[in-house]
Each structure stands twice: as structure tokens, then as C-alpha cells.
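The values are calculated or read from the model by the stated rules, or taken from the named source; none is laboratory data. Small disclaimer: the values here were computed from a predicted structure and weren't measured. A quick note on method: Cβ atoms are made from the backbone with ideal geometry, for glycine too, and the neighbour counts reach across all protein chains shown.
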């Protein structure tokens, strides 16, 4: 029994470590280098070089995570991102050469969970990918409820489901993590930096755009009126907190 | 006194308003000038015409009167010829003569008064109608002319001889008698002539007034014809300068105004072409920057990853190759930093940088920067001291940019601190937040306070090479501060260290009025930190802050 459980844990670990990665990038040298680095880190990469074929490749490869270059021939990275997001909640990390707010926000709004600006360090990229893949480790039975009375959100943590008034709301894993982080400590105000660390696995980062865009996406899904949020509240000058009514 | 003051002030204000209207409105000016000039002209002509007409009337009257006087004198001479001066019936004869003379059949004149004195030795004049007393109306000059010079004389007199104040044409004539010197005086009233001339004057005034008004209206209308297109041109020019490049004037007809409109439109067209060309060039430039960014960054990423891989395996190489791997790694970091800074600078130059403000607690930012630079400071043996207010300092800022500025300032300070502490202070007032970064290093030479913000400026080329900066940090920081509408200023003295102050408005878009912190530190010349006395230390003064002032004035 003990051996069996250890065995299955090891198996699970192997599966987790050998995560499948779909790299969507048109630069052959970068793709090859990414392949070398990812394999050395224990990932199973597959590649596609243009936007139009990327969706088919995604369905074939069924990756655990997608690395997506924003500038692609054929179909733009933004469109690819939307297309993948339309059919899956798989983590998407954008690779972008532009760090301008407009480009970053556009990418995040089209459904990417995170982004890395070129030139990035391989360790940084791998850390981000691991952070996106590291989930469900503390699967203790837990039910969370937030929001004002009559408009409550119920979160079943181990089942990864969220429902509003008995109706299930589809969230991506990242949105789910963000919601759980806020819901576990209602009334506590989270600064954007703390959220970046807890949800994205960042340390010492000041990129608040990431948090802002995802909070907006989350609100669009769970708030009755995203313009006047009641479930995820903004605390001016500090950050966000869960509304308890 | 107070009332006079109020009146004076009021008057001054009205005068100022009038002066402004005069300066600002061409139409008003032309109408007023027309009004004044035409009023003067019409007035002159009116007076002339009225005078000519009334003179004519009086002249006619004079001719007719003279005729009557002459015939009267003849009749009187005949009537008196049979009398002597002592004759007691003379008075009656004169009376009946006078009554005859007053009402000659051909004259319809009323109010005529006739008077006679048979002998100058008698004081009394006999007159008709008898209830009049003519003596005061006859002047000495008239009497002299009639009696002594035996001439017909006339005079205009306004007197009351018993019929109310009236203007008379007075005629005096000598009447030859047996005893010599009888005088006959006629008083022709000028009532009708005066009435007629008054009537003329009234008509002239009314006509003149109407004419002047009419001229003013015409002037206003004509000016309007000219001023309207000019005003239209001014408005169109304003719209053009506000960026509405498609604005044009309507060209109507072939006159001067049409020429103005056509030339204006031609100018606008040329301007629009030029501006569009420049915009296109700027757009291409930005596009180029963006393309270079992408094109350069992708291969750099590959190189970076390859170098990392080689670097992590360096223990397996022989020392020369291992060291090469280390150098490759280090220089790639520098190359990356330089590329990032260059792209940031080109973004500012292209006007492409956008402020992304949100309410932020600056205490947290300061703490974070101090934490992140902790290891660097430790290596340099320089403690970072942080002075924060108790309450959170919340301002609408672009956190990424403010953190970058602060990182730059603190990093610079640590590099130049020479092992002495670096002090970061944060303070706020109603309108602004300020952060100062103070170090006690070698300080700045006079005049270097502005130079430090120049691109690639280094105080001492041989020395600065050792430090890792790109040479663009402070100039980017200055641009970041300007983007916020804030100030970034430097103070420094040789051997006394330096202090940089960043001041930002609490609300994005506000104008800065002042800073909650002083640029020159209190311990600037106190020698709190023991340092060798700087040669030629200068007296305390507020240093020039030219670059930041520019920001404040924009």
C-alpha cells in the first residue's frame, strides 16, 4: 500500500516533470535552442512555426503548456491565443519582443496567463513555466464562499469548479488560482506584488499590468456588473480583496 | 474718499473695457472713426447752410425794409413840410403820420414799430403804437449816423420796447424839414425770419444726424463684408493649428477676399502635406524602432540561452574557455541593458512613451527598491538607510517608471558612495510627493548638476568605465519624471556628496507648485560626515535646476 502510493506519486511526478510543451515560434534558431533548454529541464517540447497550423498542432499535441511568440507569419499570436483559449484553459505563456503596455495588455486580454520579454534568461522562462504547471498539490477538501449575500460565488477547490447561484462558471486555471488566493483570506487586502508572488510565482516584480488584466478578466466572468464589482474589490492605492458583503 | 475711490476704480474698469474693445474690434474702430469724421463734416456743412439761408432771409428783409423806410421818409418830409418846430399841432401830425406809416397798405407785417423825434433837442421819441418806448433801443452810434451824418443807418437789436423781447431790424433815417433835423426810426420785427431760420437749423440738424447714423450703419455693413472673411480666416487658422488639418476657407468670387481665401487654402494645403509627410516619417521611424527591437531581440534570446547553457557547464572546460564563458555571460548582461535602455530612449524620442498611472503606495516602492539593491549595497559596503513617513504615501504614478527612476538613483548613489551610507527619504504634502537620494561620495563639480542628465555623460571617463551603468539611466529617469509632469533635480558639491530629488504630482496630470523636500540637504555644509575639506568650498546657494524647471513650465 505504502509502496504503491509512493510508486504512483513517483509516476505522477514523472508525468508532471515530463510536461508536454507546444512551442509556437517562427524563428528556427530560437525554437531549436528552446528545444535544447526545455529537454534539458525535462520537458517534452513540440514545435510549430506558423500561426495557421498552430491550432491543428495544439489539438494533436495536447500540450500541458503553450509557449507562444506574439509575432508570427500567417496568423498573429494574439489570434492564435484567442483560438486556443476558446477551446482550452491550458496555460499560455507569451514570448514578446515588445514590453510596451499596449502590446502586453493586448496579449494578456486575448487570454495569455503570463508573458516573458525577449531576451529572457532560460531559468526565468522555466521558472515561469513551472509556476504555471505547479497546481493541485495541496488538494485538501475545501469549499470557499465569497461575495455579498444573494450574489455568492462557491469554489470547490479540489474539484476546480466555481459556481455562481448553482451555475458553473468556466475559469482558466490561472483565474481559478487568483480567485482562490483572494477567497482563502477574505477581508485581507492583497497588494499586486503579493498576488504576483502567490499566483504567478514571481519574486520582486513590479509588473502590475499582469494582475490588473487578469482581475478584469476574472471580473468579466464572475461579476454581475464588472463596472461595479462586488466580489473582487479594488482597494485604492493598495490592491485587491474579496468582497464578503 | 471711499466713494471717490469706488468711482475711480469703476471708471478705470470701464476705460479698460473700452480700450480693449477698441484694440480688439476692427469693425468697432472703423465705425467709430466714420462716426466722428462724418459728424464733424456734416456739422460744418450744416452750420454753413443754416447761416447762408438765414443771412439770405435777413438780406431780403433789409432790401424790402430800406424801400419802405425811404418811402416813409419821403411821406414824412411831405407831411412835416407845412409845420414849424414850435407848432403845437406838430405832435398830432406826427402821431397820425406814424400811424399811417405803421400800416402801409402793401405790408402785411405785424409788430412793426415806428418812432420819430422832430428835433434832437427833445428827449422824447414819439412812437406808434404809442405804448412802446423806443428810446433804449436806439443806440448812440445810430443816432449820430442819422442826426450828424444825415445818413440812413440800420442795426440789429434784440430789445424789449413794450412787446416782449424781440429781435428788430432797426432803420433810422433823417427827415428833411423846414427846421432841419427830424429823425424817423423803423423797428422791423424779425420773428418770422428767425422762426424760418430756426426751422432751417432744425431740419439741417435732423438731416445731419440721420446722415451720420446712416454713414455709421453703412460703415458697419461694409466693414462686416471685409471683417467677416478675415474673422473666418482667423477661426480656420485656429482650427488648423489645433490639428484639424482638413479645414479650408470657402472661395467665393474673384475679389481680394477670394484671393485671401485661396492663398490661405494653399498655405493650409502645403502645411497639411508637410505635416503628413513628417508624421509618416515619424511613423516609419517608430515602426523601424519596433522592428529593430523585435529583429534584434529574437537572435539575442537565442544567444543568451546558448551562453547560459555554456556558462552552466563551464566547470567542465579548461580555464581559458571557462573564463570566456563568464565574460560572454557578463557582457551579454551589459549588452541587454544597453539595448533595453536604447529602445527606451528611442521610444521617448518618438513621443511613443505613455504614462500608465494608478494609485500606488510609494513607501512600498521605496522599500522594494532598497530590498532589491540590498545585495549590491552590501557588496559595496554601503548601508542603505530609508526614511519613510508613518502613513502610506499614495500618489497616482506609473509604478514601473517610478521604480525604475528610484532604482537608477539608488544604484548610482551606491556606486558613488565610497562605502559611506546612502539615505533615501520620502515625503508628501497636499499636492506633491518627493523622494531624495543622498550620498556622501565624491559629489559633483560645479555645473555638473545639469550635465549628469545628459546621455552617455560620465564625470570621469577612466573611472566610470568600471561601473556597470549604460550611461543612459539618468536621462531615461529624467524623461520618466517629465512624463509624470514631475521634476528630477540634482545637487552636489565636491567632496560633500550629492543629492537627487524626484518630485511628482499626487494626481496624474496636475502641475507641480513646489516640493515637500529641499533639494540642498540640511547637512550639505555641516560636515556631518567627516570628509577632507573641499578646496574652494562654495557658500550655501540654491543650485541651478534648469532641466527640471523646463518641466515645470511646459
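Some observations on this one:
- Hey, residue B:287 over 26 Å from the mean Cα position of the chain (by Cα), exposed (fewer than 12 other Cβ atoms within 10 Å of the Cβ), without any contact (Cβ under 8 Å) to a residue 40 or more places away in the chain and within 14 Å of another protein chain (Cβ to nearest Cβ) or not: yes
- Among the residues of the range B:368-383, those that are surrounded by 15 or more Cβ atoms within 10 Å (Cβ to Cβ) and away from chain A (no Cβ under 12 Å) comprise B:376, B:377, B:380, B:382, B:383.
- The residues listed here are B:365, B:397, B:424; of these, the one that is facing chain A (nearest Cβ under 10 Å), crowded, with 21+ Cβ neighbours inside 10 Å and at pLDDT 90 or above is B:365.
- Residue in the range A:89-106 that is away from every other protein chain (no Cβ under 14 Å) and assigned to a helix (DSSP H, G or I) present: no
- Scanning the range B:341-361 for residues that are more than 8 Å from chain A (Cβ to nearest Cβ), out of contact with any helix residue (DSSP H, G or I) (no Cβ under 7 Å at 6 or more places or on another chain) and not in a loop (DSSP other than H, G, I, E, B) yields B:342, B:349.
Here's the yes/no breakdown for (1) part of a loop (DSSP other than H, G, I, E, B); (2) closer than 27 Å to residue A:192 by Cβ; (3) touching a residue at least 12 places away in the same chain (Cβ under 8 Å):
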site: B:375; (1), (2), (3): no, yes, no
site: B:395; (1), (2), (3): no, yes, yes
site: B:400; (1), (2), (3): no, yes, yes
site: B:403; (1), (2), (3): no, yes, yes
site: B:456; (1), (2), (3): yes, no, yes
site: B:469; (1), (2), (3): yes, no, yes
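- So residue A:179, is it outside any loop (DSSP other than H, G, I, E, B) and within 14 Å of another protein chain (Cβ to nearest Cβ): no
- When the range A:233-245 is filtered for residues that are modelled with pLDDT under 90, buried (at least 17 other Cβ atoms within 10 Å of the Cβ) and either within 14 Å of another protein chain (Cβ to nearest Cβ) or in a strand (DSSP E or B) (or both), the ones remaining, listed by number, are A:237, A:238, A:239, A:241, A:242.
- Any hit, the range A:58-76, residues being within 14 Å of chain B (Cβ to nearest Cβ) and surrounded by fewer than 17 Cβ atoms within 10 Å (Cβ to Cβ): yes
- Of all residues in the range A:23-41, exactly one satisfies the criterion of being touching a helix residue (DSSP H, G or I) at 6+ places or on another chain (Cβ under 6 Å), surrounded by fewer than 19 Cβ atoms within 10 Å (Cβ to Cβ) and more than 10 Å from chain B (Cβ to nearest Cβ), namely A:41.
Quick grid of which residues meet (1) farther than 29 Å from residue B:300 by Cα; (2) more than 47 Å from the chain's Cα centre (by Cα):
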residue	(1), (2)
B:358	yes, no
B:372	no, yes
B:377	yes, yes
B:385	yes, yes
B:391	yes, yes
B:406	no, no
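- The residues listed here are B:332, B:232, B:257, B:328; of these, the one that is touching a helix residue (DSSP H, G or I) at 6+ places or on another chain (Cβ under 6 Å), free of Cβ contacts under 8 Å to residues at least 40 places away in the same chain, surrounded by 14 or more Cβ atoms within 10 Å (Cβ to Cβ) and more than 14 Å from chain A (Cβ to nearest Cβ) is B:257.
- Residue B:402 vs. criteria modelled with pLDDT of 90 or more, closer than 13 Å to residue B:437 by Cα, surrounded by 16 or more Cβ atoms within 10 Å (Cβ to Cβ) and in the same structural domain as residue B:486 (by TED's automatic domain parsing): no
- Checking residue A:190 against (1) touching a residue at least 12 places away in the same chain (Cβ under 8 Å); (2) assigned by TED's automatic domain parsing to the domain that holds residue A:92, the condition it does not meet: (2)
- Residues of the range B:59-73 that are touching a helix residue (DSSP H, G or I) at 6+ places or on another chain (Cβ under 9 Å) and surrounded by 16 or more Cβ atoms within 10 Å (Cβ to Cβ): B:61, B:68, B:72.
- Output for the range B:290-300, where each listed residue is within 16 Å of residue B:341 (Cα to Cα), facing chain A (nearest Cβ under 7 Å) and at pLDDT 80 or above: B:297, B:300
- Close pairs from the range A:147-172: first under 15 Å from residue A:89 (Cα atoms), partner in a loop (DSSP other than H, G, I, E, B), Cβ under 6 Å, at least 6 apart: A:162/A:171; A:172/A:89
- Test: residue A:83 is part of a helix (DSSP H, G or I), within 14 Å of another protein chain (Cβ to nearest Cβ) and at pLDDT 90 or above: no
- Among residues of the range A:212-223, those that are touching a helix residue (DSSP H, G or I) at 6+ places or on another chain (Cβ under 9 Å) and more than 11 Å from chain B (Cβ to nearest Cβ), counted: 8
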